[in-house]
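Trainee: Here it is, the structure, as structure tokens.
The values are calculated or read from the model by the stated rules, or taken from the named source; none is laboratory data. Keep in mind that this is a model prediction, so the values were computed, not measured. Here Cβ is always computed from backbone atoms with ideal geometry, including for glycine, and neighbour counts include all displayed protein chains. Side chains are part of the model used for accessible areas, which takes the heavy atoms of the whole protein and leaves out ligands, DNA and RNA. Shrake-Rupley method; radii C 1.70, N 1.55, O 1.52, S 1.80 Å.
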Amino acid sequence: MNVLATAKNHKYYVRNKIHCKQFFLAKYYYVRKLAYQQLQPHQQSYNTAFQNRHRTHTMDKTYAPHDIESRWYRQWEEQGYFEPKGGDSAYCIMIPPPNVTGSLHMGHAFQDTIMDSLTRYHRMQGHNTLWQAGSDHAGIATQMVVERQLNAEGKTRHDLSREEFVGRIWDWKELSGNTITKQLRRMGTSLDWSRERFTMDEGLSKAVNEVFVKLHEEGLIYRCLLYTSPSPRD
């Protein structure tokens, strides 16, 4: 009797266990279905947004350095990453100002790479670092370029007034000078463009005049009518 009762009780236990399992499974799938129905609109909008993002941010098959590097450099410049900051010890380099008569060449790229490396090194060392940007007016060379332009138009500088000729020179400076600064930016140089200067700027031009007058008063330089070049045979 005890064996039969035990078997009977076990039978009921197994049956109840199966029923409980079926009940909980049914309840689980019901709750899951209900949650899925509630999340379905949000899921569809998420899928649409993901697809649109994936469509608009597809990686190009080839590397396009112009767009990428220009975008990052513009951000560096806007954030002021190249301005002097912090540090008790200072480090400064004045870029040898390129002439505004043309564009940069390989010699500029070579020397600017060295200066940029030194500037970045000291900046990472925590020094108060400045790489001063600037360009040179190159008076004689610039005048020759502008005179060639006038000759191509069938004119000479004598056909223009002084003010008109100087205006043509400044127009050329804006054109050529912007080309040089664009090239330097394109190279990724860490120049502080907020301090960019031109040798004919009012402040710099005044300083140059003051120095020349002082040297002339001290007799260290003089003015004469003749321009002579030393001969290697003398």
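Trainee: Under 8 Å between Cβ atoms, which residue pairs at least 6 apart in sequence (or on different chains) link something in the stretch 169-183 that is over 10 Å from H137 (Cβ atoms) with a partner that is among the aliphatic types (A, V, I, L, M) and open to solvent by 40 Å² or more (accessible area, probe 1.4 Å)?
Mentor: Between residues of the stretch 169-183 that are over 10 Å from H137 (Cβ atoms) and residues that are among the aliphatic types (A, V, I, L, M) and open to solvent by 40 Å² or more (accessible area, probe 1.4 Å), there is no close pair.
Trainee: What is the residue count in the stretch 69-86 for residues that are modelled with pLDDT under 90, surrounded by 10 or more Cβ atoms within 10 Å (Cβ to Cβ) and over 21 Å from N178 (Cα atoms)?
Mentor: Looking only at that region, the number is 1.
Trainee: Is one or more of the residues making up the stretch 178-192 under 30 Å from E83 (Cα atoms) and at pLDDT below 80?
Mentor: yes
Trainee: Quick check on this structure: which one of S176, S205 is under 30 Å from the mean Cα position of the chain (by Cα), of a type in the set (G, A, S) and crowded, with 17+ Cβ neighbours inside 10 Å?
Mentor: Only one candidate qualifies: S176.
Trainee: Name every residue in the stretch 87-98 that is open to solvent by less than 80 Å² (accessible area, probe 1.4 Å) and in contact with a Ser or Thr (Cβ under 8 Å, 6 or more places away or on another chain), in order of residue number.
Mentor: Answer for the stretch 87-98, where residues must be open to solvent by less than 80 Å² (accessible area, probe 1.4 Å) and in contact with a Ser or Thr (Cβ under 8 Å, 6 or more places away or on another chain): G87, Y91, I93, P97, P98.
Residues are listed down the side, and each one gets a yes or a no for (1) hydroxyl-bearing (S, T, Y); (2) under 29 Å from T189 (Cβ atoms); (3) touching a residue at least 60 places away in the same chain (Cβ under 8 Å); (4) open to solvent by less than 90 Å² (accessible area, probe 1.4 Å):
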{"residue": "V100", "(1), (2), (3), (4)": "no, yes, yes, yes"}
{"residue": "I114", "(1), (2), (3), (4)": "no, yes, no, yes"}
{"residue": "Y121", "(1), (2), (3), (4)": "yes, yes, no, no"}
{"residue": "L130", "(1), (2), (3), (4)": "no, yes, yes, yes"}
{"residue": "D136", "(1), (2), (3), (4)": "no, yes, yes, yes"}
{"residue": "E153", "(1), (2), (3), (4)": "no, no, no, no"}
{"residue": "F165", "(1), (2), (3), (4)": "no, no, no, yes"}
